[in-house]
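Report on the structure given below.
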Amino acid sequence: MENKKLQGSQRKNIQIGSEVEIVQKNHQRTGELTEGFVKRILTNSSTHPHGIKVQLETGEVGRVKWVLNN
């Protein structure tokens, strides 16, 4: 089974419980990715050029770069 990554800039690609890689605000310069599962979707618009903002189940907040295992 191929692991397909979807862009995190479209809200339709992201659901509650989706496994994602996000960039937290304090990691924007380094581009360090944090992996986790979506607890809440914080961006209301259907797209965002830097990624849809979400909160992970761990409480971390960031913009989705990639949606995994969709």
- Could you list, in sequence order, the residues of segment 11-26 that are more than 12 Å from V38 (Cα to Cα) and exposed (fewer than 13 other Cβ atoms within 10 Å of the Cβ)? K12, K25, N26
- Item | Checklist (1) under 12 Å from L68 (Cβ atoms); (2) at pLDDT 95 or above applied to N3, failing item | (2)
- Item | Evaluation of G59 against (1) modelled with pLDDT of 95 or more; (2) surrounded by 11 or more Cβ atoms within 10 Å (Cβ to Cβ); (3) of a type outside the set (S, T, Y) (one fails), failing number | (2)
- Criterion (under 15 Å from W66 (Cβ atoms), small (G, A, S) and loosely packed, with under 11 Cβ neighbours inside 10 Å) met by exactly one of G8, G31: G31
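The values are calculated or read from the model by the stated rules, or taken from the named source; none is laboratory data. Just so it is clear, the model here is predicted, and its values are computed rather than measured. Neighbour counts run over all protein chains shown; Cβ positions are idealised from the backbone, glycine included.
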